[in-house]
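Below you will find the structure I want to go over with you.
The values are calculated or read from the model by the stated rules, or taken from the named source; none is laboratory data. Since the model is a prediction, treat every value here as computed from it, not as a measurement. All Cβ positions, glycine included, derive from the backbone under ideal geometry; neighbour counts span all protein chains shown.
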Amino acid sequence: MVRSNPISDAMTAIKNASDTGKADCIVEPAGKLLGSMLRIMQETGYIAGFEFIDDNRGGQFRVQLNGRINRCGAINPRFNIKVDEMERWESQFLPGKNFGMLIISTPKGVMAHENARKLRIGGELLGYVF
């Protein structure tokens, strides 16, 4: 199966597994960007953890869910945002103020939008989770 957007596929798989009450799910293919996004989701408590599984193809991530995800998804196209535009994008993708997070790729690495705001740097929108 040819995947046109692995990040979108991964976020959809995580949301579907969370909605059905599963304890974990397999996401493939594994990549550095997806691994960074999962690390951010783990640090903020949206997933319990994840591990890399080498299957001698593209690799896989096994994601342990903890039931905290209401919705998550990838943002396409990947919009460039500045620090002073973050509020607008927050209101577009998140349901309320201080609820959920945007995942942003910045020059200092992948991070949640609150950390990017504190560091006063912009970047590219990758996804959201709440």
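When region 90-130 is examined, which residues are found to be of a type in the set (A, V, I, L, M, F, W, C), touching a residue at least 24 places away in the same chain (Cβ under 8 Å) and farther than 18 Å from Ser8 by Cα?
At the first step, the residues of region 90-130 found to be of a type in the set (A, V, I, L, M, F, W, C) are 93-94, 99, 101-104, 110-112, 116, 119, 121, 125-126, 129-130.
Still in the list and also touching a residue at least 24 places away in the same chain (Cβ under 8 Å): 93-94, 99, 101-103, 110-112, 116, 121, 125-126, 129-130.
Residues satisfying the conditions are Phe99, Ala116, Ile121.
Of all residues in region 91-106 being among the polar types (S, T, N, Q) and outside any loop (DSSP other than H, G, I, E, B), which is surrounded by the most Cβ atoms within 10 Å (Cβ to Cβ)? Don't jump to the end; show me each part of the working.
To start, the set of residues in region 91-106 that are among the polar types (S, T, N, Q) comprises 91-92, 98, 105-106.
Subsequent filtering for residues that are outside any loop (DSSP other than H, G, I, E, B) retains 91-92, 105-106.
Working: Ser91: 11, Gln92: 12, Ser105: 19, Thr106: 16.
Step by step, filter region 91-106, then rank; the result is Ser105.
Further question on the same structure: Restricting the search to region 21-36, which residues are surrounded by fewer than 22 Cβ atoms within 10 Å (Cβ to Cβ) and under 19 Å from Pro107 (Cα atoms)?
Gly31, Lys32, Leu33, Gly35, Ser36
Looking for whichever is touching a residue at least 40 places away in the same chain (Cβ under 8 Å) and within 11 Å of the chain's Cα centre (by Cα) here; the options are Ile47, Ile40. Which one fits? Let's see the steps before the verdict.
Working: Ile47 fails: touching a residue at least 40 places away in the same chain (Cβ under 8 Å).
Exactly one of Ile47, Ile40 is touching a residue at least 40 places away in the same chain (Cβ under 8 Å) and within 11 Å of the chain's Cα centre (by Cα), namely Ile40.
Continuing with the same structure: In region 44-77, which residue that is out of contact with any strand residue (DSSP E or B) (no Cβ under 8 Å at 6 or more places or on another chain) and among the small types (Gly, Ala, Ser) is modelled with the highest pLDDT?
For region 44-77, the residue satisfying everything is Gly45.
Every residue in region 1-16 that is surrounded by fewer than 15 Cβ atoms within 10 Å (Cβ to Cβ) and either at pLDDT below 95 or of a type in the set (Val, Ile, Thr) (or both), please. Full working, then the answer.
Of region 1-16, the ones surrounded by fewer than 15 Cβ atoms within 10 Å (Cβ to Cβ) are 1-5, 16.
Passing the criteria: Met1, Val2, Arg3, Ser4, Asn5.
Shifting gears a bit: Look through Ile75, Ile81 and report the one residue that is touching a Phe, Trp or Tyr at 6+ places or on another chain (Cβ under 6 Å) and closer than 23 Å to Ile121 by Cβ.
Numbers: Ile75 fails: touching a Phe, Trp or Tyr at 6+ places or on another chain (Cβ under 6 Å).
Ile81 is the lone residue from the list that is touching a Phe, Trp or Tyr at 6+ places or on another chain (Cβ under 6 Å) and closer than 23 Å to Ile121 by Cβ.
Filter region 65-89 for residues that are free of Cβ contacts under 8 Å to residues at least 60 places away in the same chain and under 13 Å from Met41 (Cα atoms); which is surrounded by the most Cβ atoms within 10 Å (Cβ to Cβ)?
Leu65
Anything in region 1-37 that is in a helix (DSSP H, G or I) and more than 13 Å from the chain's Cα centre (by Cα)? List them, or say none. I'd like the intermediate steps shown before the answer.
Residues of region 1-37 in a helix (DSSP H, G or I): 6-19, 32-37.
Those that are in a helix (DSSP H, G or I) and more than 13 Å from the chain's Cα centre (by Cα): Asn16, Ala17, Ser18, Asp19.
Listed residues Arg57, Arg68, Arg88; which is assigned to a loop (DSSP other than H, G, I, E, B) and over 21 Å from Asn16 (Cβ atoms)?
On the way: Arg68 fails: over 21 Å from Asn16 (Cβ atoms); Arg88 fails: assigned to a loop (DSSP other than H, G, I, E, B).
Residue meeting the stated conditions: Arg57.
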